[in-house]
1. Among the residues of the range 322-329, are any surrounded by fewer than 18 Cβ atoms within 10 Å (Cβ to Cβ), touching a residue at least 12 places away in the same chain (Cβ under 8 Å) and in contact with a helix residue (DSSP H, G or I) (Cβ under 6 Å, 6 or more places away or on another chain)?
2. If you go through the range 123-142 one residue at a time, do you hit one that is assigned to a loop (DSSP other than H, G, I, E, B), at pLDDT 95 or above and either under 21 Å from the mean Cα position of the chain (by Cα) or within 19 Å of residue 28 (Cα to Cα) (or both)?
3. With respect to residue 244, determine if the residue is closer than 26 Å to residue 136 by Cβ, surrounded by 15 or more Cβ atoms within 10 Å (Cβ to Cβ), in the same structural domain as residue 139 (by TED's automatic domain parsing) and in contact with a strand residue (DSSP E or B) (Cβ under 9 Å, 6 or more places away or on another chain).
4. Given (1) free of Cβ contacts under 8 Å to residues at least 40 places away in the same chain; (2) farther than 30 Å from residue 406 by Cβ; (3) not assigned by TED's automatic domain parsing to the domain that holds residue 278, where does residue 98 come up short, assuming only one miss?
5. Which is farther than 30 Å from residue 191 by Cα, assigned by TED's automatic domain parsing to the domain that holds residue 214 and outside any helix (DSSP H, G or I), of 276, 304?
6. Hey, could you check the range 65-74 for residues that are surrounded by fewer than 19 Cβ atoms within 10 Å (Cβ to Cβ) and in contact (Cβ under 8 Å) with a residue 12 or more places away in the chain and say which is nearest to the chain's Cα centre (by Cα)?
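The values are calculated or read from the model by the stated rules, or taken from the named source; none is laboratory data. Given the structure is predicted, the values throughout are model-derived calculations rather than measurements. So basically every Cβ, Gly included, is an ideal-geometry build from the backbone, and we count neighbours across all protein chains shown.
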């Protein structure tokens with residue numbers, strides 16, 4: 001049994017950023033990592049690149065300093081970048097240490113692992129929101145001749161049998177895999193639900209430059225009207241490529257990919273059923289895109305940029321077939337593979353502390369849970385819209401390390417240090433947020 005002040009569970013970008021901030025405050029701590037630093041990035045598909053440009057890879061006391069700031073790191077390069085960060089800040093990582101349980105113990109917490117157990121006063125959950133694939137309940141009805149795998153298990157087209165592919169989900173992962181598989185010579189059908197459409201480049205600048213400049217990425221969790229909805233928004237339809245190309249449903253159709261509505265179910269006979277909402281989802285995504293571009297144009301005009309860059313443009317609206325198919329007999333259509341690009345969920349099965357809602361999500365108020373001294377970091381829209389980006393975890397870590405330090409100084413959850421983290425009077429208590437998330 002060993003003791004420390006803070007145990008950080010997870011040594012990805014969020015855990016490492018928190019480590020740097022705790023070190024700056026001279027708070028002793030350890031990071032428990034079930035694999036090696038950034039191993040999760042090394043296990044992604046071969047062609048994956050970051051959605052954010054290299055200049056946006058910024059962490060506390062560390063940033064990209066290569067010769068391609070407008071490029072996009074490969075997954076292996078991201079892993080090397082984070083490993084380099086861990087070494088540069090001297091992060092006290094205990095690799096290949098799996099946490100088997102975490103529970104309250106007296107005035108602190110007891111963390112049991114596959115190695116050494118730990119006692120600590122505070123805990124930071126930095127294990128991420130993407131631990132397990134979120135697969136539809138109808139997955140069990142996929143007919144036996146059809147292979148089905150989560151996007152997390154996909155590496156390259158060579159691992160799949162030749163034949164048709166049904167990709168379920170049209171956020172960043174789904175559209176990228178659909179494009180890659182279509183280019184490999186397979187016919188791809190893409191099941192589309194709610195999605196967020198953005199251009200890669202607008203008026204000569206990367207879309208992430210614009211979102212950073214207009215302040216959208218810095219929008220705080222206590223400034224949005226519907227936080228639960230904001231946390232459920234899909235990731236942008238984006239791809240990081242040397243050509244800085246835009247990927248959207250129009251470009252995919254140009255390549256021969258067939259669009260269908262959201263997967264509604266699979267019958268006992270192996271027939272996939274799709275909703276008739278494709279046109280509505282596309283119309284809504286187009287409207288949101290036009291609002292975003294208008295907001296960018298207004299900001300550019302206000303800051304005198306109109307004379308320095310190309311003028312406003314508007315992309316074509318999403319094309320939708322008059323009567324997209326509503327059913328697909330998977331076997332007869334020669335569909336050999338289904339890829340579930342339907343997102344991920346966290347796995348807190350080892351967490352023996354009552355802070356989870358009915359869906360297994362940690363209840364929190366900007367990363368501060370209802371359990372004294374227990375924090376979470378690295379989840380979607382934790383404190384800002386950019387919370388899950390490499391560029392976003394630093395600001396969150398600074399805020400939460402300040403709260404953690406105040407807690408260690410003996411301040412209770414109702415003292416001014418907690419209120420300093422809340423910009424809006426009457427903001428929901430973490431347990432209220434928990435209850436609304438579970439509905």
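1. Checked the range 322-329: at least one residue is surrounded by fewer than 18 Cβ atoms within 10 Å (Cβ to Cβ), touching a residue at least 12 places away in the same chain (Cβ under 8 Å) and in contact with a helix residue (DSSP H, G or I) (Cβ under 6 Å, 6 or more places away or on another chain).
2. Yes, the range 123-142 has at least one match.
3. no
4. Evaluating residue 98 over (1) free of Cβ contacts under 8 Å to residues at least 40 places away in the same chain; (2) farther than 30 Å from residue 406 by Cβ; (3) not assigned by TED's automatic domain parsing to the domain that holds residue 278 leaves (1) as the failure.
5. Only one candidate passes the filter, namely 304.
6. This residue is 74.
For (1) part of a loop (DSSP other than H, G, I, E, B); (2) more than 17 Å from the chain's Cα centre (by Cα); (3) surrounded by 19 or more Cβ atoms within 10 Å (Cβ to Cβ); (4) not assigned by TED's automatic domain parsing to the domain that holds residue 410, each residue gets a yes or a no:
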{"site": "170", "(1), (2), (3), (4)": "yes, no, yes, yes"}
{"site": "176", "(1), (2), (3), (4)": "no, no, yes, yes"}
{"site": "190", "(1), (2), (3), (4)": "no, yes, yes, yes"}
{"site": "223", "(1), (2), (3), (4)": "yes, yes, no, yes"}
{"site": "230", "(1), (2), (3), (4)": "no, no, no, yes"}
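Each row is one residue, and each column tells you yes or no for (1) touching a residue at least 12 places away in the same chain (Cβ under 8 Å); (2) more than 30 Å from residue 210 (Cα to Cα).
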| position | (1), (2) |
| --- | --- |
| 261 | yes, yes |
| 268 | yes, yes |
| 273 | yes, yes |
| 276 | yes, yes |
| 288 | yes, no |
| 296 | yes, no |
| 304 | no, no |
| 320 | yes, no |
| 342 | yes, no |
